[in-house]
Amino acid sequence: MPVLPGAEPYRHEGGKVGVLLCHGFTGSPQSLRPWAERLAERDLTVSLPLLPGHGTRWEDMQLTGWQDWYAELDRALRSLADRCDQVFVAGLSMGGTLALRLAARHGDTVSGVVLVNPAVRMHGPAGYALPVLRHLVPSTKGIASDIAKPGSAELGYSRVPLHAAHSLRALFQVVDRELPQVTQPLLLLRSPQDHVVPPADSARVLSRVSSRDVREVLLEQSYHVATLDHDADRIAQESLAFIGRLAPSVGKEGTATGG
């Protein structure tokens, strides 16, 4: 299947500091493209892959699982690390989940982690029913475009494929166990008004990681897809400041103006 217009992966070859951006479940790079472009403007090398099964039609996602999504990001991280002196990982929602696993498994290769409304738990009775329900019902209502800003929309699936949702639940369990292995500096930005991921998920991340350099920022004007919402500029500014503090070469290369 051809990739939906706007859902294409994004790559920018910049300086020796790299950022890997991870989009969310049933979403696409479109949800993070403005953020990626802001980072690229500061001469950062940016990689924003399209995860397998995403960006086409929801039926394609039924044939993929979390191991496929993680493997794509793992390859992208290794590629960035080969050409960059420092690499940061960042993600929205499930992208944040996968970013945490990258940090837990790659250690010093990852210089810092930026999370926007990360998900680490499946809430409600539906999650417990998934092992059986996924064999009876192929999909359920989609979760895309939880955005407060009028006229802003996320390019994501209108349906959630339940085989993939079952795999997502398994991913949450894996990453929850690995959270204590995350030691890198951490910037967590969350929306108090999020209709997809409850604040308990961010609280659990903050309580279980071993990071000592931690900052939490509230995105008061945005819903779940804050990267396309009223706080999109705030996310870009905060993440650039975070990266600039930990990678002083960003400023030395004359890229610290603007933003």
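The values are calculated or read from the model by the stated rules, or taken from the named source; none is laboratory data. Computed from a predicted model, the values in this text were never measured in an experiment. Virtual Cβ from ideal backbone geometry, glycine too; neighbours counted across all protein chains shown. Just the protein is used for accessible areas: all its heavy atoms, side chains included, with ligands, DNA and RNA removed. Shrake-Rupley method; radii C 1.70, N 1.55, O 1.52, S 1.80 Å.
Computed from phi, the 3J(HN,Hα) profile of segment 111-128 under the Karplus parametrisation 6.51, -1.76, 1.60 (θ = phi - 60°) reads 7, x, 10, 10, 10, 10, 6, x, 10, 9, 9, 9, 9, x, x, 4, x, 6 Hz, with x in place of Gly and Pro. Taken along its three principal axes, the alpha carbon spread of segment 34-122 comes to 38, 26, 25 Å, from the longest extent down to the shortest.
First compute the accessible area of the chain with a 1.4 Å probe, then give the percent of it belonging to carbon and sulfur atoms. Intermediate values should be presented prior to the final figure.
Numbers: 5480 of 10810 Å².
Carbon and sulfur: 51 percent of the exposed surface of the chain.
So which residue, out of A71, A99, A36, gets the largest mean-square fluctuation from a GNM of the chain using Cα contacts under 10 Å as springs? Among A71, A99, A36, the largest GNM mean-square fluctuation belongs to A71. About its Cα centre, the chain has a charge dipole of approximately 480 debye under the convention of +1 per Lys or Arg Cβ and -1 per Asp or Glu Cβ, with nothing else charged.
Phi angles of segment 173-179 translate, via the Karplus equation with coefficients 6.51, -1.76, 1.60 and θ = phi - 60°, into HN-Hα couplings of 5, 5, 5, 4, 5, 8, 3 Hz per residue; Gly and Pro are given as x. Just so you know, the averaged projected area of the alpha carbon convex hull for the chain sits at 12.5 nm².
Per the Debye calculation on segment 88-144 with a single equal scatterer at every Cα and no solvent contribution, log₁₀ I(q)/I(0) for q = 0.18 Å⁻¹ amounts to -0.72. Where both partners of a DSSP beta bridge lie in the chain, what percent of those bridges are antiparallel, to the nearest 5? Within the chain, antiparallel bridges account for around 20 percent of the total. Note on the chain: dipole from Cβ charges, positive end direction compared against Y10, Q181, V87; the farthest Cα belongs to Q181. Cα-based values for segment 1-83, radius of gyration first and Dmax second, are 12.8, 39 Å.
Across segment 26-32, rounded Karplus estimates of 3J(HN,Hα) from the backbone phi angles (6.51 cos²θ - 1.76 cosθ + 1.60, θ = phi - 60°) give 6, x, 7, x, 4, 5, 10 Hz, Gly and Pro being marked x.
With the alpha-carbon atoms of segment 116-243 aligned to their principal axes, the span from lowest to highest coordinate is 48, 40, 20 Å, starting with the largest.
Return the calculated 222 nm mean residue ellipticity for the chain, to the nearest 500 deg cm²/dmol, obtained by summing -39500 (n - 2.57) across DSSP H runs with n ≥ 4 and dividing by the residue count. Let's see the in-between values first.
Values: 8 runs with 95 residues, N = 259.
Helix contribution divided over all residues of the chain: -11500 deg cm²/dmol.
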